[in-house]
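Report on the following structure.
Throughout, read-outs are computed from the coordinates displayed, never taken from laboratory work. From a predicted model like this one, the values you see are computed outputs, not experimental measurements. For neighbour counting, all protein chains shown are included, and Cβ atoms are generated from backbone atoms with ideal geometry for every residue, glycine included.
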Amino acid sequence: MLTKPEILHGEFTNCSACKACMGDCCQWSACENSPLDFDNDTKRMQQALESGKYSIDYVRTSLKSFIKKDGYLSLDLNHIMCTPNEALYIRPKNANRPLFDILHTDTAEGPCVFWSIERGCDLKYNERPMFGRLIIAVAPHECYPLYNRQNIANVWKPFTPLLFEIAKKNFPEDWQPYKDINFRL
């Protein structure tokens, strides 16, 4: 299981830089949680997802984990588990998106449900997802993440089977983007 590294005890918020760009990253998409945000507790993860404010997303390195199954496009959990740098993970929901939210395009998918242009982030700094806390804002539109997609996949890999089962139970069959590509779990 993960332990909290020392770097997590510092705050990297540069409010003036974030205000100047009007939370561009938060308008684009919600940031990623770490299992540590839930104390590695699967019950707390499930409660967050049940709250309607969090979603399950997918870090992938290729499209090889997408397979045709019974006439539908689906995900191959075995492939995800055997592929380095791929995993399902939890993050705050993007507004108007489903609990299982793995379709991404080049357009904005947010804003994050905890963010508004008037107030900024509704979460206190220590309540924000780890990967949002570990972005160093040095100037407007100039930020450096201390964690990357590989780190996210590595820390969430042990929880991927559980998240896959939760996603299957809560799959939004009526969500039009999934219907458009004939995707189902």
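Data table
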{"quantity": "Loop-exposed GluC sites (Glu not before Pro) per DSSP, neighbour cap 13 Cβ within 10 angstrom, longest uninterrupted part of the chain", "calculated": "12-117"}
{"quantity": "Charge tally in the Cβ shell below 14 Å around Thr61, where Lys, Arg are +1 and Asp, Glu are -1, Thr61 excluded", "calculated": "+2"}
{"quantity": "Listed residue pairs exceeding 31 Å between alpha carbons, taken from Lys19/Lys168; Lys64/Lys169; Lys68/Lys124; Lys64/Lys168; Lys43/Lys124", "calculated": "Lys19/Lys168; Lys68/Lys124"}
{"quantity": "Positive minus negative residues near His79 (Lys, Arg vs Asp, Glu; Cβ under 15 Å)", "calculated": "+3"}
{"quantity": "Placed amide H near Ala87: partners under 5 Å, 5+ positions off or other chain", "calculated": "Val59"}
{"quantity": "Options (i) 31, 19, 16; (ii) 21, 19, 19; (iii) 28, 19, 15 - which one matches semi-axes √(5λ) of the Cα gyration tensor in Å as calculated here", "calculated": "(iii)"}
{"quantity": "Contact order relative to length of the chain, as percent, for alpha carbon pairs under 8 angstrom and 6 or more apart", "calculated": "32 percent"}
{"quantity": "Filtered chymotrypsin sites (Phe, Trp or Tyr not before Pro), region 110-148: DSSP coil and at most 13 other beta carbons within 10 Å", "calculated": "none"}
{"quantity": "For Leu75, distant residues with modelled amide H under 5 Å away", "calculated": "Ile67"}
{"quantity": "Relative contact order (percent, whole number), region 134-185, Cα cutoff 8 Å, 6+ residue spacing", "calculated": "19 percent"}
